[in-house]
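This report refers to the structure that appears directly beneath it.
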Amino acid sequence: MESFSVRLARATANRGPLCVGLDPSPATLSSWGLADSVEGLRIFSQRCVEAASETVACIKPQVAFFERFGSQGFAVLEATIRTARQAGLLVIADAKRSDISTTAAAYGAAWLRETAPLAADAMTVTPYLGLQALSPIFDEAREAGAGVFVVVSSSNPEGRALQQAQMGELSVEVALYGEIGDLNNAARDPFIGAVLGATRAFDHAPVANMAGPLLIPGFGAQGATAQDVGERFRGLKNTLVVAASRAWTDAGPEVKQLIDRASALQASLRTALL
């Protein structure tokens, strides 16, 4: 299988950088006139995949909103991932897993191994048990031709103190970009990317040297505009994946409305990044 980095670069070049998030919160389901139930979850997910397959390169289901329904929620998530991938969408499982040793290996197998029920094209992870502790997940991703996005510079202000803490001469986040870059260079494939919030100011050099793709939350409901994205990220050679969840699903519940909103968001990002 082609590596995730190649598939992602081609898909975003063809369709644009927008990645739509599936965040079926109680409030979102209610706004669509759906019950906060497994059936509401299923209808929401089906409509989202149908609309996304017409307009974007990838989707990002937020695992927690499915997980809260237990095994039935996971069954809906399995079906959603499978249907989306069959429709040609890349799926980034926003699972934010993190652990060490055999547990990390199990997370990698659960979310990235092609034969697993929840197999996605990529997953998100958190690095604060140490980036090297995630090696089993990286190994699984490389073997499966999948990708990993490490939460490095998140869009929420609560993360600033930890992410900008100093490690000698470098901040934690800058050190992480360097470590990820070393892993990508060793693999000769930038399959490991980073989560970098659209609301964050940052130095381009360490991000560019990391080489991997960027998953960029914070666009839309969290405050960043297309112009903000353009001003902060224009000129980077990294593959950009700009996530919008509420800014997209607020256009629902009709599929046509979702398609129109995604098209508008996509156009605004393309213009801003020129």
Loop trypsin sites (Lys or Arg not before Pro), the stretch 207-244 (other Cβ atoms within 10 Å of the site Cβ: 13 or fewer; DSSP): R234, K237
Run the dipole for the chain about the Cα centre, Lys and Arg Cβ at +1, Asp and Glu Cβ at -1, nothing else charged, and hand back the magnitude in debye, nearest 20. 500 debye
The ³J(HN,Hα) series, computed from each phi in the stretch 126-136 with the Karplus coefficients 6.51, -1.76 and 1.60 at θ = phi - 60°, rounded to the nearest Hz and given as x for glycine or proline, is 10, x, 8, 9, x, 4, 5, 5, 8, 3, x
Between the stretch 152-178 and the stretch 1-43, what is the C-alpha centre distance in whole Å? 28 Å
So what's the net charge close to R160: Lys and Arg +1, Asp and Glu -1, counting the other residues with Cβ under 14 Å from its Cβ? -1
Need one number for the stretch 71-156: average projected area of the convex hull over its C-alpha atoms, nm². 6.1 nm²
Loop-located trypsin sites (Lys or Arg not before Pro) in the stretch 132-194, at most 10 other Cβ atoms within 10 Å (DSSP): R188
For the chain, state what percent of all Cα-Cα pairs lands in each successive 10 Å bin, counting from 0 Å until the bin that includes the largest distance. 7, 31, 38, 21, 3, 0
With just the Cα atoms defining each centre, how far is the stretch 186-239 from the stretch 111-127? Give it in Å. 21 Å
Taking only DSSP H segments of four or more residues, each worth -39500 (n - 2.57), what value at 222 nm results for the chain once the sum is divided by all its residues, to the nearest 500 deg cm²/dmol? -14500 deg cm²/dmol
Lys/Arg Cβ at +1, Asp/Glu Cβ at -1, dipole of the chain taken about the Cα centre: which of V56, G108, A93 is farthest positive-ward? V56
Which GluC sites (Glu not before Pro) in the stretch 91-172 sit in a loop by DSSP (not H, G, I, E or B) and have at most 13 other Cβ atoms within 10 Å of their own Cβ? E114, E169
Dipole of the chain, positive end: most advanced residue of A27, A272, M1 [Cβ charges, Cα centre]: A272
Rounded to whole Å and sorted largest first, what semi-axes of the equivalent ellipsoid does the C-alpha gyration tensor of the stretch 101-142 yield via the square root of 5 times each eigenvalue? 17, 10, 8
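The numbers here are math on the coordinates, done by the rules we state, and not lab data. What you are looking at is a predicted structure, and each value in this text was computed from that prediction instead of being measured. All Cβ positions, glycine included, derive from the backbone under ideal geometry; neighbour counts span all protein chains shown.
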